[in-house]
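Scroll down for the structure; my scribbles are underneath it.
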Amino acid sequence: MKQYLKLAPALIVAAGLVACASQEDKPQSSTQDVSQAVTDFIEVRELESRDYMRSGSTDSWHAIGGEFLVYKGRRDEYLVEFVRRCHELNDNTHITPDKRWDANIVRAKFDTIRGCRIANIYALNEAEAVELKNIGEAPGSRN
C-alpha cells in the first residue's frame, strides 16, 4: 500500500501530461475553417473590393474569426478583411490607436481598426451581413 502512495503524485502528473498531449488544437483549426468559409463567400458572391467606407461615432462591428469583421455604419454594412490575423479584436488588454487620414472615412490599405491594417473592404447587403455573422456557429448556439 505504501508503494502505491509513493507513486500517486507521479501518476497524477503523468495523467495530466497525457491529457494535455491528447488535446487537439481545435480553436486554431476552427478559425482556419471560418477564414476559409469567408474567403469562399467572397468568391462565390463575387464581392467587389471598395477603396473606402464611411464611418461615424455610432458604428459597430462583429468579429469573424480573427481576419475579418462585419462593420455596421449608419446606413451600410461592410466586410472588412485585415492584412494579418488581428488578435486585438478580442484582446482588450492592448488597444492600439487607429490610424486615419479622415475622421469620417476608413480607407483600405492605409487605415486601421484596433491597430490592424485593413487589406480590403467589401460592401454587403443586409442578408449577406447576417449570413457572415452566422458563419462558424452551430444553429441555436447564440441566445
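Which of the numbered conditions does E88 fail, given that it passes all the others? Conditions: (1) in a helix (DSSP H, G or I); (2) at pLDDT 90 or above.
Of the numbered conditions (1) in a helix (DSSP H, G or I); (2) at pLDDT 90 or above, the odd one out for E88 is (2).
Is at least one residue of region 42-49 touching a helix residue (DSSP H, G or I) at 6+ places or on another chain (Cβ under 6 Å), part of a loop (DSSP other than H, G, I, E, B) and more than 14 Å from L132 (Cα to Cα)? Outline the logic, then answer.
First, pick out the residues of region 42-49 that are touching a helix residue (DSSP H, G or I) at 6+ places or on another chain (Cβ under 6 Å): none.
No, that holds for no residue.
Select from region 71-82 the residues that are more than 10 Å from A123 (Cα to Cα) and either modelled with pLDDT of 95 or more or not in a loop (DSSP other than H, G, I, E, B) (or both) and list them in ascending order. Break it down into steps so the answer makes sense when it comes.
At the first step, the residues of region 71-82 found to be more than 10 Å from A123 (Cα to Cα) are 72-75, 81-82.
Within region 71-82, K72, E81, F82 qualify.
Restricting to region 58-103, name every residue that is basic (K, R), surrounded by fewer than 16 Cβ atoms within 10 Å (Cβ to Cβ) and closer than 24 Å to E131 by Cα. Walk me through it before giving the result.
Applying the first criterion (basic (K, R)) to region 58-103 yields 72, 74-75, 84-85, 99-100.
Those still in the list that are surrounded by fewer than 16 Cβ atoms within 10 Å (Cβ to Cβ) too: 74-75, 84-85, 99-100.
Within region 58-103, R74, R75, R84, R85 meet the criteria.
With the requirement that a residue be among the polar types (S, T, N, Q), touching a residue at least 12 places away in the same chain (Cβ under 8 Å) and loosely packed, with under 15 Cβ neighbours inside 10 Å, what does region 33-57 give you? Lay out the reasoning, then the answer.
Our first condition is that a residue be among the polar types (S, T, N, Q); within region 33-57, this holds for 35-36, 39, 49, 55, 57.
With touching a residue at least 12 places away in the same chain (Cβ under 8 Å) added as a condition, the list becomes 35, 49, 55.
Of everything in region 33-57, just one residue is among the polar types (S, T, N, Q), touching a residue at least 12 places away in the same chain (Cβ under 8 Å) and loosely packed, with under 15 Cβ neighbours inside 10 Å, namely S49.
The values are calculated or read from the model by the stated rules, or taken from the named source; none is laboratory data. Please read these numbers as outputs of a predicted model, since none were measured by experiment. Note that we place each Cβ from the backbone using ideal geometry, even for glycine, and neighbour counts take in every protein chain shown.
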